[in-house]
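Colleague: Here it is, the structure, as structure tokens.
The values are calculated or read from the model by the stated rules, or taken from the named source; none is laboratory data. Bear in mind that the values here come from a model prediction, so they are computed numbers and not experimental data. All Cβ positions, even for glycine, are placed from backbone atoms using ideal geometry, and neighbour counts span all protein chains on display.
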Amino acid sequence: MKNIIKRIKRDIVSEVVAKTPLDFAEQISAKFGNKIYLKREDLTPVHSFKLRGAYHKIRTLNPQQLAQGVITCSAGNHAQGVAFSAQKLGISATIVMPKITPQIKVDAVKLFGAKVELFGNNFDEASDFAQEISKQNGQTFIHAFDDADVIAGQATIACELLEQLDKIDYIFVPVGGGGLISGIASVIKNERPEIKIIGVEPLDSAALTKSISQNTHAVLAEVGIFADGVAVKKVGVENLRLAKDLVDETVLVSSDEMCAAIKDIYNENRNVVEPSGALALAGAKRYLQEKQLQSKNIISIVSGANMNFDRLRYIAERADLGEQNEAIIAVTIPEQAGSFLAFCELLDDHGITEFNYRFAAENQARVFVGVALKDGLAEKQALIAKLSKSFDVLDMSENTIAKTHIRYMVGGRAAVEDEVLYRFEFPERPGALLNFLQKVGKKWNISLFHYRNHGADFGRVLIGLQAQNTAELERRFDELGYFYQNESTNRAYQYFL
């Protein structure tokens, strides 16, 4: 902690980042009974806090190092931070990105004059390549988070917060590699140790939480792709050392909760932030509800706003689920005259967001319905209890297959022998689907296929195959290197497909 504080040079960071606003979130505060403030790091020149650490690190380099230039590996906000900093200082910069990086991100970095190298199919391969170039060419490698001077640059946010608000009870910080939270916590716990520092991670990318709970430096086998700004398999060594001593708690949130937080921030100030930018607010909302806190001064770090426009469709679809303003339920009703009417009458005056009806068997039918809610979880539970008195009801609000695929598919149940269902995440790059089909070959027949582009680096695919030997099939899948999961026992599949 003392080492980080000694390194902080606020005058350096202020050369590129003016003190960002701390906005009072009036609507969210009224809803949760606390004073909630948003630290607007989305308003820096590169729309992310990453510029602070990148510039702070590069400005500490000596003239010889600056003359040799810098290199980093990143497909996101750190890449833009390094490129912007290099342009500002008039030095060369090389940014290594995985081949799967969307062109929009490549173009954004090139606009700052940096050289882009595309290498490897994932971050780890690209990072190894970047560090090899660094050794060969003498360029200084600028790590995205595991570097004391980068951490010290991010720590300047905490210095500003202490000047902007006299009374602070909690600070919620998004966590990826740990550079931001270790920097903020170093300053806060040195100056105001009574302030609670809460780290927020996605449920499917919780490297810090796992490391702290297991008292080890955990490496995740897979990470979620929705909040790509925090999608790392492990936190930094220095970051973990600091966080273990300085972070009070961590909280985990779902993608739907992040979508709801993006909507909250938009409703507050008409700004659209990226998923990792809304991560801290999603965590604050969950924490306040679980702990039943009242009348506290809460700060949420809005870490960035670099998002593809195409992703807004997906976010809008999932925000109401994350806010508990919608429920998705599956209902089995008798296939007889009057039963459909009886079901609809039980819905009373609930608004219907979606309705799908399908004959399932000789004596029963399935209904897939979206219901608007006004009072959140309690209202959903009451409605399901009411419907369950007359019908078989299944809550699908947390079922990934139902939310991502089923509600957008046509058709219905099919009598396909030996069918197995798999969920895949395909990299959004030319040839990805062809590569998959070549691995499947002609041995297994494809019986179902559904794909949706969500404007992210990866697309989501649902595929059915006729296969008696899934072990052999999954060996082929393993060769691809794509994330996949067997969903053959998923109730949404069994009910509707």
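Colleague: If Phe172 satisfies all but one of (1) surrounded by 19 or more Cβ atoms within 10 Å (Cβ to Cβ); (2) of a type in the set (Phe, Trp, Tyr); (3) more than 23 Å from Ser303 (Cα to Cα), what's the number of the condition it fails?
Modeller: Against the list (1) surrounded by 19 or more Cβ atoms within 10 Å (Cβ to Cβ); (2) of a type in the set (Phe, Trp, Tyr); (3) more than 23 Å from Ser303 (Cα to Cα), Phe172 comes up short only on (3).
Colleague: So which of Phe24, Phe49 ends up being in contact with a helix residue (DSSP H, G or I) (Cβ under 6 Å, 6 or more places away or on another chain) and among the aromatic types (Phe, Trp, Tyr)?
Modeller: The match here is Phe49.
Colleague: Regarding Ile104, is this residue within 27 Å of Ile225 (Cβ to Cβ) and at pLDDT 95 or above? Don't jump to the end; show me each part of the working.
Modeller: Values: within 27 Å of Ile225 (Cβ to Cβ): yes; at pLDDT 95 or above: no.
Taking the combined requirement at face value, the residue does not satisfy it.
Colleague: So how many residues does the range 81-107 have that are over 29 Å from Pro63 (Cβ atoms) and assigned to a helix (DSSP H, G or I)? Break it down stepwise before answering.
Modeller: Going through the range 81-107, the residues over 29 Å from Pro63 (Cβ atoms) turn out to be 98-107.
Subset that is assigned to a helix (DSSP H, G or I): 103-107.
Selection size over the range 81-107: 5.
Colleague: Then there is this: In the set Gly177, Gly199, Gly153, which member is of a type in the set (Gly, Ala, Ser), assigned by TED's automatic domain parsing to the domain that holds Ala243 and in a loop (DSSP other than H, G, I, E, B)?
Modeller: Numbers: Gly199 fails: in a loop (DSSP other than H, G, I, E, B); Gly153 fails: in a loop (DSSP other than H, G, I, E, B).
From the options Gly177, Gly199, Gly153, the qualifying one is Gly177.
Colleague: May I ask you to say which residue of Ala284, Ala330 is within 20 Å of Tyr493 (Cα to Cα), surrounded by 19 or more Cβ atoms within 10 Å (Cβ to Cβ) and in contact (Cβ under 8 Å) with a residue 60 or more places away in the chain?
Modeller: Working: Ala284 fails: within 20 Å of Tyr493 (Cα to Cα).
Ala330 is the lone residue from the list that is within 20 Å of Tyr493 (Cα to Cα), surrounded by 19 or more Cβ atoms within 10 Å (Cβ to Cβ) and in contact (Cβ under 8 Å) with a residue 60 or more places away in the chain.
Colleague: Hey, among Ile4, Ile71, Ile58, Ile36, which residue is at pLDDT below 95, surrounded by 20 or more Cβ atoms within 10 Å (Cβ to Cβ), touching a Ser or Thr at 6+ places or on another chain (Cβ under 8 Å) and not aromatic (Phe, Trp, Tyr)?
Modeller: Within the list Ile4, Ile71, Ile58, Ile36, the selection yields Ile4.
Every residue, every condition in (1) within 18 Å of Thr250 (Cα to Cα); (2) in contact (Cβ under 8 Å) with a residue 40 or more places away in the chain; (3) out of contact with any helix residue (DSSP H, G or I) (no Cβ under 9 Å at 6 or more places or on another chain), yes or no:
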site	(1), (2), (3)
Asn137	no, yes, no
Phe141	no, yes, no
Gln154	no, yes, no
Cys159	no, yes, no
Leu162	no, no, no
Asp166	no, no, yes
Ser186	yes, yes, no
Thr209	yes, yes, yes
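Colleague: Working only within the range 419-463, note down all residues that are surrounded by fewer than 20 Cβ atoms within 10 Å (Cβ to Cβ), aromatic (Phe, Trp, Tyr) and modelled with pLDDT under 80.
Modeller: Across the range 419-463, the qualifying residues are Phe436, Tyr451.
Colleague: Check whether at least one residue in the range 298-310 is among the polar types (S, T, N, Q), surrounded by fewer than 20 Cβ atoms within 10 Å (Cβ to Cβ) and modelled with pLDDT under 95, and report yes or no.
Modeller: yes
Colleague: So which pairs qualify, if the first residue must be in the range 112-132 and surrounded by fewer than 16 Cβ atoms within 10 Å (Cβ to Cβ) and part of a loop (DSSP other than H, G, I, E, B), the second must be small (Gly, Ala, Ser) and modelled with pLDDT of 95 or more, the Cβ gap must be under 9 Å, and the two must be at least 6 apart or on different chains?
Modeller: Matching pairs, first to second residue: Gly113/Ala83; Gly113/Ala86; Gly113/Ser92; Gly113/Ala93.
Colleague: What tally of residues in the range 227-245 results from selecting those that are touching a Lys or Arg at 6+ places or on another chain (Cβ under 9 Å) and surrounded by fewer than 21 Cβ atoms within 10 Å (Cβ to Cβ)?
Modeller: 1
Colleague: Considering Val367, Val393, Val371, which residue is within 30 Å of Gln466 (Cβ to Cβ) and either at pLDDT 80 or above or among the aromatic types (Phe, Trp, Tyr) (or both)? Explain how you work it out, then say what you get.
Modeller: Numbers: Val393 fails: within 30 Å of Gln466 (Cβ to Cβ); Val371 fails: within 30 Å of Gln466 (Cβ to Cβ).
Residue meeting the stated conditions: Val367.
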